[in-house]
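Asks: Could you have a look at this structure, given as structure tokens, before my questions?
Where a number appears in this text, it was derived from the coordinates with a stated rule and is not lab data. Predicted model, so just to flag it, every value in this text is computed and none were measured. So basically every Cβ, Gly included, is an ideal-geometry build from the backbone, and we count neighbours across all protein chains shown.
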Amino acid sequence: AQTVTQSQPEMSVQEAETVTLSCTYDTSESDYYLFWYKQPPSRQMILVIRQEAYKQQNATENRFSVNFQKAAKSFSLKISDSQLGDAAMYFCAYRSGGATNKLIFGTGTLLAVQP
Amino acid sequence: GAVVSQHPSWVICKSGTSVKIECRSLDFQATTMFWYRQFPKQSLMLMATSNEGSKATYEQGVEKDKFLINHASLTLSTLTVTSAHPEDSSFYICSAYILSGEKFGPGTRLTVL
């Protein structure tokens, strides 16, 4: 069975600084997708970034980028120029390559942004 | 685009009553929807996968007779918590499968007195 591990329950970053959130996963599949979701205090889940396993190039979305190390099964999220609005719970998630397979979530990392 | 709504956003009910939560895809059709439960400061726990026109697939340990799921159309899935008890109090989130991932609803906070 696939598992997702987030080893940092809490992280803190100064406004305008850079922070990296860690995520590792375990799978025997070759076709899968990885995601980072953000859950602010409103509790609305928001997709931050998505990575297809077959793509070697790391995904980027504005200030958010990932470091995808397929052999090491690592999928970290880097947030550059951190803003107060980035404060949230961040979940790493895995999904098999099938069309409608379920998401498997990590336990989350609570990110605080200090002004 | 790809908005998912949930109704109600917050519901309080008495122990022993049933509560229905609706999940709608507003501007797209969702063949597959998912229902999650989330306790405070914890991750999302998948309860069931809801497929339009067929029976839902429940995760291990989830009582299908207690958490009734109906996905009668391509834009609506409902979760009914039957004979609710205080331990059912939680935050319930639905999502709809889309190509780029899952689109989540805003969640429903259920409080059972």
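Asks: Please get the size of the charge dipole for segment A:1-114, origin at its Cα centre, with Cβ charges of +1 on Lys and Arg and -1 on Asp and Glu, quoted in debye to the nearest 20.
Replies: Once rounded to the nearest 20, the dipole reads 280 debye.
Asks: Another question, then. I want to check a number: in segment B:1-105, how many lysine pairs have alpha carbons closer than 17 Å, given a sequence separation of 8 or more or different chains?
Replies: Eligible lysine pairs with Cα atoms under 17 Å apart amount to 5.
Asks: I would also like to ask the following. How many angstrom lie between the C-alpha centres of segment B:18-77 and segment A:21-89?
Replies: So the two Cα centres are separated by 25 Å.
Asks: Go through segment B:17-113 and name the chymotrypsin sites (Phe, Trp or Tyr not before Pro) that are in a DSSP coil and have 16 or fewer other Cβ atoms within 10 Å of their Cβ.
Replies: Sparse-neighbourhood loop chymotrypsin sites (Phe, Trp or Tyr not before Pro): B:F28.
Asks: Tell me which cysteines of the protein assembly as shown come out unpaired when the rule is another cysteine's Cβ under 4.7 Å.
Replies: B:C13
Asks: Might you report the magnitude of the Cβ-based charge dipole of chain B about its Cα centre, with Lys and Arg at +1 and Asp and Glu at -1, to the nearest 20 debye?
Replies: 180
Asks: Sort B:T108, B:T80, B:T49 by Cβ crowding within 10 Å, fewest neighbours at the top.
Replies: The most exposed by this proxy come first: B:T80, B:T49, B:T108.
Asks: Okay, next question. Could you give the length gained on full extension between B:E59 and B:C13, defined as 0.36 nm per residue of separation minus the Cα-Cα distance, in nm?
Replies: Full extension of this stretch gives 14.0 nm more.
Asks: Let's see if you can work this out: charge +1 on each Lys and Arg Cβ, -1 on each Asp and Glu Cβ, no other charges. What is the dipole magnitude of the protein assembly as shown about its Cα centre, in debye to the nearest 20?
Replies: 260
Asks: If you restrict to DSSP beta bridges whose two residues both lie in the protein assembly as shown, what percentage is antiparallel, to the nearest 5?
Replies: Of those bridges, close to 90 percent are antiparallel.
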